[in-house]
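Structure first, then comments.
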There are 2 protein chains.
Amino acid sequence: MENKKLKIGIIGLGTVGCGVVKVLEKFNDIEIVSASVKNLNKKRDVEVQNLTSDSMEIATNSNIDVVVEVAGGCGILEVLKTAIKNKKHIVTANKELLARHGAELFDLARENGVVILYEAAVAGGIPLILPIKTSLAANDFKSVAGILNGTTNYILTKMEEENLSYGECLAKAQALGYAETDPTGDVEGFDAMYKIAILANIVFGKRIDVNQIYREGITKITAQDIKIADELGYKIKLIAQAKKADNGIDVRVHPMLVSKTNPISDIKNATNAVLLDGFPVDKVMFVGPGAGQFPTASSVVGDILSLKAEFDKGENILPMTVCHHSEYANQIDVNETKNCYYLSIVAKNVKGVIGAIGCACAEFNVNISCVIQKGDNGDGSATIIVITEETLEKDMNQMIQKLQNENNIQITNKIRVL
Amino acid sequence: MENKKLKIGIIGLGTVGCGVVKVLEKFNDIEIVSASVKNLNKKRDVEVQNLTSDSMEIATNSNIDVVVEVAGGCGILEVLKTAIKNKKHIVTANKELLARHGAELFDLARENGVVILYEAAVAGGIPLILPIKTSLAANDFKSVAGILNGTTNYILTKMEEENLSYGECLAKAQALGYAETDPTGDVEGFDAMYKIAILANIVFGKRIDVNQIYREGITKITAQDIKIADELGYKIKLIAQAKKADNGIDVRVHPMLVSKTNPISDIKNATNAVLLDGFPVDKVMFVGPGAGQFPTASSVVGDILSLKAEFDKGENILPMTVCHHSEYANQIDVNETKNCYYLSIVAKNVKGVIGAIGCACAEFNVNISCVIQKGDNGDGSATIIVITEETLEKDMNQMIQKLQNENNIQITNKIRVL
């Protein structure tokens, strides 16, 4: 019916960019006008006309309607701002950029009458952003929580299934290309932090300051923690979550013990899952590939097709995707949150230790739900596991501080329970 | 920003209709102009102005922009056709109507420049229809499969967890309001059949003849089948599925053994789940409440809000939701499909029976993957379970016919394996 093509420019022809080009091949009404790359001479398995090494050329090219940014990183900010000022709609997979500079970009887009679509920025191929903004628009959400980083979930799955250390499983993940040479962004929780910042923003309709998000990675999780958690009916997962609290929003990323009765505990390997809880919908969960060339391209091209369908209308297209809020959330400090905790303790001389734990807990209002002593570690010490009832984080930390001061007690891990 | 209200008329103020009215209370820009009900004098916990017992009044009321139909059944067809001819957009939760008369309604809507939204018609509160049409628009799907009926999944879950018979669990479901007094629509698979017809239509872009869908309910499933399946690593679920086949589309609803490694096997009670498999996205799963006043209202109101956001643009709103195809799928006859099978056999005199089964299988190209003999049933007979490799359904049925002719062999169940 429509003969007019949608003209796009692509910034970045890495794995995802090439996937987008391949998937677009069957859509005759989308034309790739130009693409920018870092290295013009690099061999690629796709062919794009008008390659340039200057991404600003894409942003200012008057023949381009939509800029598709799949380069990543915050270095591209000025280019996208220029594209928006040139009235180009944006499709991006750049989670870090949106988490750190979304406020500025969304304001600028609204002023310029263009939209920013970013289905691919969170949970790769899983449709999430658009469903939350459209099909679920009637809801007030209590919480959003999930596994948003495939690399760490792969590592934790392998540690569990093969009883291996974190280091061994990181090496496996690196060998398979699931983890980068410098794995910090994944294993320290930065990637999941950017994604939960983006989700919390749309789920609660407030801006999120990414620097205020509490973040803890998976590097301290041991095979023993995973084994004991399993015996107690839990899996250990890196959980990114945002919850409505009395006077604000509690956003954080850290490992958690997840009950095996929670469907999130079943999510294995590099798969992602997001659980939303709201009214009137109740709980809905989305599961799928969180990364990869083609799943990510599915979301990017879905956004491009959504723009294509509406593009000829000119103004005010895809109104439900526009960010209208500008107020920042009051983000709750992790010290003020309440959690149940898993505490692993190594005690040299067990005699009296349970008593010392009991006294410290009583002093700082920590109610113990379960204590397990795990035999002898072979060096005369024993491992003691404590699971607490809901406790204020700062009380918990004071209690731990107190126990650390005992000569014969070492707290080897503190993991929150979902 | 917008002061103009969207004016809606509601057909039906039952459980879902009242939920929609309650959820709409906080949306000041939606006005309920009128609602039609069967019984004007019935007490309801919501108040709506201009109640009428004539739904045709809603369809022709020139003050109404959108007709929200939550009455159910095919009796409402002419009313909705009239509403469409009067240029009203439709939001409906009516799966049977769409499955049986969707072709006519979608054609009429396109001719009249209005859209029909029906997020609530499949899997209640789970966002599914719109995400498939928008975020996943780049995909070619191989299959869609899932648990689309909460009542039967509740019954099967209870049978498994409490080792009870189908009849006992049906009674429980009826007592809790999960099953109706006449449970046929649920337990014989009609409800799931309507839903998979609607899903197959949008997933494959072909019209589906609901009368050609193979359908089998759960009434023949025994606690023993569930127990043996569990021992073999499977759960029994009522699966609705549509798959691309060599020369058409294979659409059916019947109980299946689902491997415990498949995430669908974990879906309990009245929860629904839908697994899509396509390129480029790979596998994505959606899980959530398949029914209920508020989850269903979440989807209905999500559709109303989507219309509200676009309504002022007049023509060609929500273009991605319009059904543009009119060709019917070539639906594969179940006899021509290939499946693995679970066969439960009661044999009076076990001596020679395994031999007879082996001979019959050989004659009709059925390869056995596993045979288990389950002790003595107490009456001198024994239960034998056969799991086959992939077999043509018509070969399987001929093999069963042959075995049935043996005096001492009775085939008590045939269940396909997912």
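When the residues of the stretch A:265-286 are filtered to those that are touching a Gly at 6+ places or on another chain (Cβ under 9 Å), within 8 Å of chain B (Cβ to nearest Cβ) and assigned to a strand (DSSP E or B), the one that is nearest to B:Val21 (Cα to Cα) is A:Asp282.
Only one residue in A:Gly278, A:Gly302 is assigned by TED's automatic domain parsing to the domain that holds A:Glu231, small (Gly, Ala, Ser) and either modelled with pLDDT of 95 or more or under 29 Å from A:Leu6 (Cβ atoms) (or both), so which one is that?
On the way: A:Gly302 fails: assigned by TED's automatic domain parsing to the domain that holds A:Glu231.
Among A:Gly278, A:Gly302, only A:Gly278 is assigned by TED's automatic domain parsing to the domain that holds A:Glu231, small (Gly, Ala, Ser) and either modelled with pLDDT of 95 or more or under 29 Å from A:Leu6 (Cβ atoms) (or both).
Scanning the stretch A:176-198 for residues that are hydroxyl-bearing (Ser, Thr, Tyr) and not in a helix (DSSP H, G or I), we see that the one that is modelled with the lowest pLDDT is A:Tyr178. Checked against the criterion of being surrounded by fewer than 24 Cβ atoms within 10 Å (Cβ to Cβ), of a type in the set (Phe, Trp, Tyr) and either at pLDDT below 95 or closer than 26 Å to B:Phe190 by Cα (or both), the stretch B:100-108 contains one or more residues that satisfy it.
Going by the conditions given, is A:Glu47 in a helix (DSSP H, G or I) and either over 24 Å from A:Cys323 (Cα atoms) or assigned by TED's automatic domain parsing to the domain that holds A:Thr15 (or both)? So A:Glu47 fails the test. Here B:Asn41 passes the criteria (1) of a type outside the set (D, E, K, R); (2) part of a loop (DSSP other than H, G, I, E, B); (3) touching a residue at least 12 places away in the same chain (Cβ under 8 Å) except the one numbered (3). Checked against (1) over 30 Å from B:Gln373 (Cα atoms); (2) in a helix (DSSP H, G or I), B:Leu170 passes all but condition (1). For the condition within 14 Å of chain A (Cβ to nearest Cβ), of a type in the set (Ser, Thr, Tyr), surrounded by 23 or more Cβ atoms within 10 Å (Cβ to Cβ) and in contact (Cβ under 8 Å) with a residue 12 or more places away in the chain, B:Tyr194 does not qualify.
Given B:Gly302, B:Gly290, B:Gly314, B:Gly278, which one is of a type outside the set (D, E, K, R) and in contact with a Phe, Trp or Tyr (Cβ under 6 Å, 6 or more places away or on another chain)?
On the way: B:Gly302 fails: in contact with a Phe, Trp or Tyr (Cβ under 6 Å, 6 or more places away or on another chain); B:Gly290 fails: in contact with a Phe, Trp or Tyr (Cβ under 6 Å, 6 or more places away or on another chain); B:Gly314 fails: in contact with a Phe, Trp or Tyr (Cβ under 6 Å, 6 or more places away or on another chain).
The conditions single out B:Gly278.
Give the residue that is surrounded by the fewest Cβ atoms within 10 Å (Cβ to Cβ), with candidates limited to residues of the stretch A:299-341 that are polar (S, T, N, Q), part of a helix (DSSP H, G or I) and within 8 Å of another protein chain (Cβ to nearest Cβ).
Per the stated criteria, the residue is A:Ser306.
The values are calculated or read from the model by the stated rules, or taken from the named source; none is laboratory data. Quick caveat, the model's predicted, so the values are computed rather than measured. Please note: Cβ atoms are built from the backbone with ideal geometry, for glycine as well, and neighbour counts cover all protein chains shown.
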